[in-house]
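One structure is given here, and the rest of the page talks about it.
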Amino acid sequence: MDTLVKKLNKLLPGIKFKSSDSFYWSPKNQTVFYINQDSERNQWSLLHEVSHAILGHTDYKSDFALLQLEVAAWEEAKKLSKKFNISIDEDHIQDCLDTYRDWLHQRSTCPTCSIVCLQNLPNEYNCHNCNTVWHVSSSRFCRPYRLRKMSGINKKSSGQTPQTTFALRTKKLS
Ligand SMILES: [Zn+2]
Ligand SMILES: [Zn+2]
């Protein structure tokens, strides 16, 4: 990991690297945070975060826009990986993007009538069908990728959605 970080640092002197307990890109601090633990997967994640930095990803107006930036960052990571003789598993990329797609779906589904809605503000969705307004936590680059489904484990039992806060605002009638 150290070797790859050093090489990337040389390639991108303007970007800081800091070891952390997860992988993410902080546009504000111009820093790539990474888990300093050697594995193929960690190398892929590092290249992905660095790609956000290279592409100058700073902010996004909606959750959907974030998903598009994720796709772009993986495209860039694939190009970058060739320079370092690393090959990124396409299934891994799709798993990561699926995590975002699921997350987006959860956030955009109306908690009252289950219709998928459009975001009207960075932290707010508004249902065009039943007028429910709900708030979501602000989005952030990079969510932990979804682990491959293992047989025998019921994914639904962990049916919590920590990224989404369904803070319902009921319309005041009085
Ligand atoms: Zn609704
Ligand atoms: Zn990302």
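Values computed for the structure shown
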{"quantity": "Extension gain (nm, one decimal) between D38 and S20, 0.36 nm per residue minus Cα-Cα", "calculated": "5.1 nm"}
{"quantity": "Net length gained if the chain between C130 and V71 were fully extended (0.36 nm per residue, minus Cα distance)", "calculated": "18.0 nm"}
{"quantity": "Hull volume in cubic angstrom per residue (convex hull over the Cα atoms of region 1-92)", "calculated": "95"}
{"quantity": "Against the rule of thumb 2.2 N^0.38 Å, how large the Cα Rg of region 17-145 comes out", "calculated": "1.16"}
{"quantity": "Extension gain (nm, one decimal) between K79 and N9, 0.36 nm per residue minus Cα-Cα", "calculated": "23.5 nm"}
{"quantity": "Out-of-range pairs (alpha-carbon distance over 18 Å; input K7/K82; K7/K78; K18/K83; K16/K82; K18/K79; K16/K61)", "calculated": "K18/K83; K16/K82; K18/K79; K16/K61"}
{"quantity": "Nitroxide proxy distance, nm - points 7 Å out along Cα→Cβ at D98 and I115", "calculated": "3.0"}
{"quantity": "Sequence-separation-based contact order of region 19-77, relative, with Cα cut under 8 Å and 6+ spacing, percent", "calculated": "31"}
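Values quoted throughout were computed directly from the atomic coordinates according to the rules given, and no laboratory measurement underlies them. If you're wondering where the values come from, they're calculated on a predicted model, not measured in any experiment. All Cβ positions, glycine included, derive from the backbone under ideal geometry; neighbour counts span all protein chains shown.
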